[in-house]
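Presented below is the structure to which this report refers.
Quick note: the coordinates plus some simple rules give every number you see, no bench work behind them. All values reported here derive from a predicted model rather than from experimental measurement. Heads up, the Cβs are rebuilt from the backbone with ideal geometry, glycines too, and the neighbour counts pull from every protein chain shown.
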Amino acid sequence: MSVIVMAVLLATPVASLQDLKHELAITNLRNGQDALRQEHWKEAEQFFSAAIEYDPLLEMAHYGLGQAFMGEKQYDEAVRAYKGCRDTYLKNATATLGDSVEAERRREDQIQSLRDYKTALQTGRTATMNVMTTLNMIDNQIAQLETTRKRGPNAAPSVAPFISMALGSAYFRKGDYTLAEAEWRNALAVDPKIGEVHNNLAVVCLMNDRVAEAAEHVKLAEKAGVRVNPQLKADIEARKH
C-alpha cells in the first residue's frame, strides 16, 4: 500500500473508510483483469494482490490471482489462490442468506464482479479455460445469486462450478490428479453439463485405466459441444482392445 493511499485512508472518516477501501479494491480488480487479458501475469498478480489487501472478501480478486499464477506456471500458488476464492465465495454466499444491508451489498458485489469478468472474457483472451464454457457457467451463477433473495435461512450455498473447475486444473498441472478429479466432479455436481470438465475427466480416467468411463466422458463432452482431441479418442479406442 503506497504512502499516499495510506495517508488518504487515515484521513478518511471511519463511516466511509470501508467504502473507500472497497472502491480501491474494485479499481485494482479491474486493472488486474486488464493485465490478465494482455497476459501480463506479474502485473496482474500485483493488482489482484492489492485488491485482496483492500477487500479480502472480493472473491473475483482471489480468482484472478489464481489465473495470474497459472499463467506464471506457479501451480502451488494457484491452488492456494483458488482455495482462497472458494472459501471467500462460500463466506459471501452464506452471508447473502441473511437480509442485512451488508449481505445485500455483498450479493450485488458478487453479481457485478461476475458481470465484469464476463465482459473481460468477451473482449479479451484467456489462457486457462474454454471461454464459451466459462461464459455459460457465469450466467448460471449470476442467475443463482439473483435467486438467493428468495431462499430460506437454511439454504446451503454451493461452490460456483467455475471455481472448482479452475482449482481442479491447478491441481492437475501440479500433478495432484486425484485432487484434480475430485474438484472437477464437484463442478459437475453443481452443473453436470460442463463439456470441458467431462473432457478433463476423460483424460484422468484414461490415465487410471478406467477406459469405459473415459469413453463415456468423451461422449458427454461432445454432447455439450466441446471438440475432443482426436488423439485422446484414438487412445481410448486403442485401450478398449
Dipole of the stretch 192-241 [Lys/Arg +1, Asp/Glu -1 at C-beta], most positive-end residue of V211, A221, N199: A221
Residue-wise HN-Hα coupling along the stretch 157-168, computed from phi with Karplus coefficients 6.51, -1.76, 1.60 (Hz; x: Gly, Pro): x, 10, 5, 4, x, 5, 6, 4, 5, 5, 4, x
Whichever lysines have a C-alpha closer than 19 Å to that of K233, once near sequence neighbours (fewer than 8 apart) are set aside: K219, K223
FRET efficiency for A238 and E104, using Cβ-Cβ distance with R0 set to 41 Å, rounded to 0.05: 0.15
Spatially proximal lysines relative to K174 (Cα-Cα < 21 Å; intrachain offsets below 8 disregarded): K42, K73, K83
